[in-house]
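The values are calculated or read from the model by the stated rules, or taken from the named source; none is laboratory data. Model, not experiment: these values are computed from the prediction. Note that we place each Cβ from the backbone using ideal geometry, even for glycine, and neighbour counts take in every protein chain shown. Remember, those area values only see protein heavy atoms, side chains included, never the ligands or the DNA or RNA. Shrake-Rupley method; radii C 1.70, N 1.55, O 1.52, S 1.80 Å.
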Amino acid sequence: MTFTDPEAARVGLSENEAQARHIAYEVTRFDLSELDRAITDGAAHGFVKVLTVPGSDRILGVSIVSRHAGDMLAEFVLAMKHGLGLNKILSTIHAYPTWPEANKYAAGAWKRAHAPQWLLKWLERYHARRRGKTATPADS
């Protein structure tokens with residue numbers, strides 16, 4: 001944790017450390033310019049970056065550069081200590097608008113990146129038929 005402005009906080013592996021150890025990882029990043037509390041506070045800059053095992057929500061490391069980064073990091077420290085992944089963070093209720101919501105939004109970005117596209121398209125066509133709509137070529 002570095003108490004600068006903005007703060008910089010990290011737990012677990014950084015990208016450089018993962019590369020040096022030849023550990024495969026995926027990166028999910030949430031930009032704080034999209035966080036309502038950051039916008040309200042006039043501090044909509046910074047990010048939450050999460051390294052996970054490829055294809056898994058298991059957290060390898062987190063870096064946060066933001067106002068209140070030290071406070072936001074605690075949720076990831078707890079998750080890593082107890083083997084909880086991004087799906088658990090995503091299902092956690094956060095007060096609105098707060099800085100730790102960025103953790104949930106980062107988990108949501110990971111989830112969207114891992115959504116089974118074939119299943120989503122199938123469900124879209126299925127529900128369109130149920131509503132009596134005909135799928136257009138753009139829907140395929």
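Worth pointing out:
- Pick from region 99-130, criterion open to solvent by less than 60 Å² (accessible area, probe 1.4 Å) and either among the small types (Gly, Ala, Ser) or in contact with a Phe, Trp or Tyr (Cβ under 7 Å, 6 or more places away or on another chain) (or both), ranking: farthest from residue 37 (Cα to Cα): 128
- Options 5, 31: the member that is under 17 Å from the mean Cα position of the chain (by Cα), among the acidic types (Asp, Glu), over 23 Å from residue 83 (Cα atoms) and open to solvent by 40 Å² or more (accessible area, probe 1.4 Å): 31
- Qualifying residue in region 107-118 (condition: in contact with a His (Cβ under 8 Å, 6 or more places away or on another chain), more than 29 Å from residue 6 (Cβ to Cβ), modelled with pLDDT under 95 and not β-branched (Val, Ile, Thr)): no
- Flag set for residue 64, criterion: farther than 14 Å from residue 111 by Cα and without any contact (Cβ under 8 Å) to a residue 60 or more places away in the chain.
- Subset of region 34-59 [touching a Lys or Arg at 6+ places or on another chain (Cβ under 9 Å) and open to solvent by less than 10 Å² (accessible area, probe 1.4 Å)]: 38, 43, 48, 50, 52
- Which listed residue is under 22 Å from residue 113 (Cα atoms), of a type in the set (Gly, Ala, Ser) and within 16 Å of the chain's Cα centre (by Cα), from 83, 55: 55
- The set of residues in region 71-81 that are in contact (Cβ under 8 Å) with a residue 24 or more places away in the chain and surrounded by 15 or more Cβ atoms within 10 Å (Cβ to Cβ) comprises 71, 72, 73, 75, 76, 80.
- Qualifying position, being within 14 Å of the chain's Cα centre (by Cα) and open to solvent by less than 40 Å² (accessible area, probe 1.4 Å), among 11, 62: 62
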